[in-house]
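A short worksheet on the structure shown next.
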Amino acid sequence: MTVTEPIKIKINQLTNRSDQESVIFNLFSLNATIDKVISMLTKSSATILVTDLHENTQHKIKYADVLYIDYVDRNICLYTTDGTYWVKKSFIKMLDILPNNFIQISKNNAVNIYEVQAVETTIGGNLLIKLSTNEKLVVSRRYIKAFKDYLGKAS
């Protein structure tokens, strides 16, 4: 039986917004877990060019900052804690480029699973999810199984 030391984790909190976030791994070898972590980190820093819904100006935002997306009038609305943005793209194409932490919850919605704080069942058989911002979204019955399967894989 081999006993291994727990992995040492050190986090340095940056205070200056202009500093570049970075991750350094000191490893003897790569494994599947580290590969997953690298993939998650890479995708969490990925950005998308969006248009501000109110100011009609373009911004680059991180997918990690998106709470959920909504497909309305052939446009994608991205909701963040800072504002609402839109992208002229089909919902299917958007689902293809979203990181793995997004899951479709209805015909026109996908949610960032890391923003989900609570899940409850409604009388009609749907699921109601509460986000970190206290907003509530409905997981329609058609997408409940996939949502539960995703949560089972994530845990």
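The values are calculated or read from the model by the stated rules, or taken from the named source; none is laboratory data. On a predicted model such as this, the values are computed, not experimentally measured, just so you know. When we count neighbours, we look across all protein chains shown, and the Cβ atoms used for this are built from the backbone with ideal geometry, even at glycine. Ligands, DNA and RNA are stripped out before the accessible areas are found, and what is left, the full protein with its side chains, is counted by its heavy atoms. Shrake-Rupley method; radii C 1.70, N 1.55, O 1.52, S 1.80 Å.
Some points to look at:
- Residues in the range 122-140 that are modelled with pLDDT of 90 or more and not in a strand (DSSP E or B) were compared, and the one that is surrounded by the fewest Cβ atoms within 10 Å (Cβ to Cβ) is 134.
- Meeting the requirement of 1 or more residues that are without any contact (Cβ under 8 Å) to a residue 24 or more places away in the chain, among the β-branched types (Val, Ile, Thr) and in contact with an Asp or Glu (Cβ under 6 Å, 6 or more places away or on another chain), the strands (runs of 3 or more DSSP E) wholly within the range 1-116 are 75-80.
- Scanning the range 64-74 for residues that are open to solvent by less than 50 Å² (accessible area, probe 1.4 Å) and at pLDDT 90 or above gives 66, 67, 68, 69, 70.
- Filtered residue count, the range 141-154, keeping only those that are out of contact with any strand residue (DSSP E or B) (no Cβ under 9 Å at 6 or more places or on another chain) and surrounded by 14 or more Cβ atoms within 10 Å (Cβ to Cβ): 0
- Any hit, the range 113-126, residues being touching a strand residue (DSSP E or B) at 6+ places or on another chain (Cβ under 9 Å), of a type in the set (A, V, I, L, M, F, W, C) and under 22 Å from residue 52 (Cα atoms): no
- For the range 92-121, filtered to residues that are over 16 Å from the mean Cα position of the chain (by Cα) and of a type in the set (A, V, I, L, M, F, W, C), the residue that is surrounded by the most Cβ atoms within 10 Å (Cβ to Cβ) is 119.
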